[in-house]
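What follows is a short report on a single structure.
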Amino acid sequence: MDAKEFRKRGREMVDYIADYLENIRERDVVHNVSPGYLKDLLPEEAPKDPENFDEVFKDIERVIMPGVTHWHSPYFHGYFAPGSSYPSILGDMLSDAIGCIGFSWVTSPACTELEVVTTDWLGKMIGLPEEFLHCTEGPGGGVIQSTASETVLLCLLAARTRIVNKYKKENPEMNEVEIISKLVGYCSTQANSSVERSGLLGAVQMVKLIPDSNHSVRGETLRQAIKRDKDKGNIPFFICVSLGTTGTCAFDNLAEIGPICEEEGIWLHIDAAYAGSAFVCPEFRHYMKGIEYAETISINPHKWMLINFDLSVMWIRDSTLLVDAFNVDPVYLKHVNQGKVPDYRHWQIPLGRRFRSLKLWFMLRSYGVSGVQSYIRKHVNLAKQFEKLAREDGRFEIVAEVVMGLVCFKLKGPNELNEKLMEEIIEDKRIFLIPAFDKNVYFLRFAVCAERTNSRDVDYSFSVIRDCANNVLAVHSKTPLKHTPVVVDIDQQPRYKGKLISHNHYSDDEQEI
Ligand code: PLP
């Protein structure tokens, strides 16, 4: 493809994207294919000779779209909001065109420096203490990672290095393996599955703390767990506090947990992957009380801040804890300006990195702080609208306080009734949502996801749920229910041949404290 054709195809593609997004309401939100559908639509070998791009274009609708679940449809209510906006898409286009691999400042100074500026902008927008910003004298700052999962692993490994070094100094007779075998990290039973997985990857125990009746882990629970672990000779070293859990968008009590971490020398990481974007609105910042005790915090603008996947931002109070922990500096990566600006390769797991700050910059300049605030508040109001509809109906109950863009609800009655309701909604296919399970209660999650969702869409989605509830109640008010769990996983946990490999939201195997 030469530049002339690229201009033509590029215009066609931009038109296609704009049409796709503007008319997404007309598409069925859920795909209508079975596993293996795509291989029957394509040849077994790559084309031997070049094809005309017209043929490729035609196959977008023929091959790809039937197998797409439309995450940006206003009828998509699963998981959490996936970010997207036109400026963000344009930013990714330019990043692809520049195509630099910004592992150090010298590889493309703009790539590093725009990241420094935009992570500071964002940090100020959400009200972070200034120690987390590059623009102050200290070693703090922000960095763009791919995902919140990657961040929690990175923080856990940095915390592990810090504690191992401390113990080796104080107890020269102990070797590294011995120390690591005694390390204990903590998180809520409701923390995202990536936290447990980080424990596995980092070869340390991860103890799950039971939250209170508001789904919030309290300081006292942590204190007791620490005591128990220390009595066993273990070494508490890390906690991941969830501000906005995946299941119910609950907030652990940071204000109580923070001081305990300081007393005990525990690395406090805050996972605010979804709800963190809401801190751009001052009325939600009270959930961050205690932030001054954190070593690290991460939020996902690729969830609830209009940025296309992937762009997760992590801030660290003392970046030397990362840079010194995993510093490998071969001669071919060195440059004369080292030390004057961050070399972001030391702040992440991979070496290579894309120019992702472009899409953040484009979006922030196009929406402004006020535009992002209005978007968040609109979603919260739509969630409140859904909550009101569900309460007024009388047959539903709300399972967790609605504070962000998520409503956790169920039909009054046993879990089995709600499993049937979920099955009915899956079969109906007009909207997409997923269930969750907490404290032996099976419930459904209604997340406001798309930027374009409006009040009529919420009325429509609720009317679909009402229809499905009518059907279920018509049958099951007479027939007694058998237990047949629907296995749709809240966190897209891995499945193999239809079987869930790990499933920490629909099980009772939590480690009780
Ligand atoms: N943390 C929370 C609270 C989440 O809800 C999720 C995903 O939904 C994650 C972490 C994982 O995010 P990512 O896909 O960026 O790793």
- request: Based on other C-beta atoms within 10 Å, arrange H476, H269 from fewest to most.
  value: H476, H269
message: Eigenvalues of the Cα gyration tensor times 5, then square-rooted: what semi-axes does that give for segment 289-420, in whole angstrom, largest first?
response: 43, 19, 14
- request: State, as an integer percentage, the relative contact order of the chain based on alpha-carbon contacts under 8 Å between residues 6 or more apart.
  value: 21
- request: Could you go through segment 239-256 in sequence order and give the Karplus-derived ³J(HN,Hα) for each residue, using 6.51 cos²θ - 1.76 cosθ + 1.60 with θ = phi - 60°, rounded to whole Hz, and x for Gly and Pro?
  value: 9, 10, 8, 9, 9, x, 6, 5, x, 10, 6, 8, 10, 5, 7, 4, 4, 7
- prompt: Can you sort D467, D49, D271, D229 so the residue with the fewest Cβ neighbours within 10 Å comes first?
  reply: D49, D467, D229, D271
message: What are the ³J(HN,Hα) couplings of segment 376-393, residue after residue, when phi is run through the Karplus curve with 6.51, -1.76, 1.60 and θ = phi - 60°? Round to Hz, x for glycine and proline.
response: 4, 5, 4, 4, 5, 5, 5, 5, 5, 4, 5, 4, 5, 4, 5, 5, 5, 4
query: If the cut-off is a Cα-Cα distance under 28 Å, which lysines reach K303, setting aside same-chain residues fewer than 8 apart in sequence?
result: K124, K208, K289, K359, K378, K384, K388, K410, K429, K439, K499
³J(HN,Hα) computed for each position of segment 450-460 - Karplus, 6.51 cos²θ - 1.76 cosθ + 1.60, integer Hz, glycine/proline x: 7, 4, 7, 4, 10, 4, 5, 4, 5, 4, 4
query: What residues from segment 135-172 fall in the zone where the backbone N is under 13 Å from a label point 7 Å along the Cα-to-C-beta line of K124?
result: 135-136
- prompt: If you count the DSSP beta bridges with both ends in the chain, what percent of them are antiparallel, to the nearest 5?
  reply: 55
message: Can you say what percent of the DSSP beta bridges in segment 184-298, counting only those with both residues inside, are antiparallel? Round to 5.
response: 5
- request: Would you grab the residues whose amide H sits under 5 Å from the one on M206? Only those 5+ places off in sequence or on another chain, please, with H modelled 1.01 Å from N.
  value: G185
- prompt: What lysines sit close enough to K58 to cross-link, taking a C-alpha to C-alpha distance under 18 Å and skipping anything fewer than 8 places away on the same chain?
  reply: K8, K39
field: Residues whose placed amide H lies under 5 Å from that of D438, excluding near-sequence neighbours
entry: F443
- prompt: Which of Y86, Y79 comes first, and how do the rest follow, when ranked by fewest Cβ neighbours within 10 Å?
  reply: Y86, Y79
query: Among V116, P414, A159, whose Cα sits farthest toward the positive end of the charge dipole of the chain (+1 at Cβ of Lys/Arg, -1 at Cβ of Asp/Glu, about the Cα centre)?
result: P414
- prompt: To the nearest 20 debye, what charge dipole does the chain have about its Cα centre, counting +1 at the Cβ of each Lys and Arg and -1 at the Cβ of each Asp and Glu?
  reply: 420
statement: Full extension between S477 and I349 adds, at 0.36 nm per residue less the Cα distance, a length in nm of 40.7 nm
message: 5 Å is the cut-off here: which amide hydrogens, built 1.01 Å from N in the peptide plane, fall below it relative to F396, excluding neighbours closer than 5 in sequence?
response: K412
- request: Give, in nm to one decimal, the length gained when the segment between K58 and S34 is fully stretched (0.36 nm per residue of separation minus the Cα-Cα distance).
  value: 6.5 nm
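Since every read-out is calculated from the coordinates, none of them should be taken as a lab result. Quick caveat, the model's predicted, so the values are computed rather than measured. When we count neighbours, we look across all protein chains shown, and the Cβ atoms used for this are built from the backbone with ideal geometry, even at glycine.
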